[in-house]
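*Asks:* I'd like to ask you about the structure that follows.
The values are calculated or read from the model by the stated rules, or taken from the named source; none is laboratory data. Small disclaimer: the values here were computed from a predicted structure and weren't measured. Heads up, the Cβs are rebuilt from the backbone with ideal geometry, glycines too, and the neighbour counts pull from every protein chain shown. Heavy atoms of the whole protein, side chains included, go into the accessibility calculation; ligands, DNA and RNA do not. Shrake-Rupley method; radii C 1.70, N 1.55, O 1.52, S 1.80 Å.
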Amino acid sequence: MKIASLAVALAVAAFPVLTNAQAAPATQSVKADEQIILKQVQTDKRAVYAQNLQLTEAESRAFWPIYDEYEGKAKKLNDQFLTLVDDYAAKYGAMTDADATSMLKTKMQIEKDREALKQTYTKKVAKVLPPVKALRYAQIETRLDNMLRREVYGLIPARTVSKPGFHGAPT
């Protein structure tokens, strides 16, 4: 399955990054590494859908415009997410309670917006594809999204408790 090869590509792209990030998170390094991962995912993602959905010509004409629209909107949320990760990396050694509170609020809003977007577009896909293919689309989207989040979060180590009142939860 093409998803497995995408997972391997993510792991290979992230491996040198993960070892460097765990030693000392640097905002510039994290940004560059994020871009490498995202570019690989975006390149392979369309191929994953094409191979796994095996769309007819009519299904393709209906599906791909919806997919492209979704990806455009999802990119905005991904950019917000990456800005949050970059902010976390930049403040890693000196995070205040106010920083953590603000980041948590932003993280929760991004997750809420991402889920609403997925729900909206999965419904649109379900209107133009047979139910089995629509379900397969939803499964692939969730799996790819989870892999991407795991890789990006893996770029920086979890925050540890550094002072009273800070609980060290990663973003």
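*Asks:* Considering only the range 75-107, how many residues are within 23 Å of T142 (Cα to Cα), among the hydroxyl-bearing types (S, T, Y) and without any contact (Cβ under 8 Å) to a residue 24 or more places away in the chain?
*Replies:* 1
*Asks:* Looking only at the range 47-75, count how many residues are in contact with a helix residue (DSSP H, G or I) (Cβ under 7 Å, 6 or more places away or on another chain) and open to solvent by 50 Å² or more (accessible area, probe 1.4 Å).
*Replies:* 2
*Asks:* Give the residues of the range 76-107 that are out of contact with any Ser or Thr (no Cβ under 9 Å at 6 or more places or on another chain), within 17 Å of Y153 (Cβ to Cβ) and open to solvent by 60 Å² or more (accessible area, probe 1.4 Å), sorted by residue number.
*Replies:* D79, K91
*Asks:* Counting only residues that are among the charged types (D, E, K, R) and in contact (Cβ under 8 Å) with a residue 60 or more places away in the chain, which one in the range 108-139 is surrounded by the fewest Cβ atoms within 10 Å (Cβ to Cβ)? Talk me through it step by step, then tell me what you get.
*Replies:* Restricting attention to the range 108-139, the residues satisfying the condition of being among the charged types (D, E, K, R) are 111-115, 118, 123-124, 127, 133, 136.
With in contact (Cβ under 8 Å) with a residue 60 or more places away in the chain added as a condition, the list becomes 133, 136.
On the way: K133: 19, R136: 17.
This residue is R136.
*Asks:* Is one or more of the residues making up the range 140-155 assigned to a loop (DSSP other than H, G, I, E, B) and either among the small types (G, A, S) or surrounded by fewer than 12 Cβ atoms within 10 Å (Cβ to Cβ) (or both)? I'd like the intermediate steps shown before the answer.
*Replies:* Taking the range 140-155 first, the residues assigned to a loop (DSSP other than H, G, I, E, B) are 154-155.
Among the residues that remain, those that are also either among the small types (G, A, S) or surrounded by fewer than 12 Cβ atoms within 10 Å (Cβ to Cβ) (or both) are: 154.
Among the residues of the range 140-155, at least one is assigned to a loop (DSSP other than H, G, I, E, B) and either among the small types (G, A, S) or surrounded by fewer than 12 Cβ atoms within 10 Å (Cβ to Cβ) (or both), which makes the answer yes.
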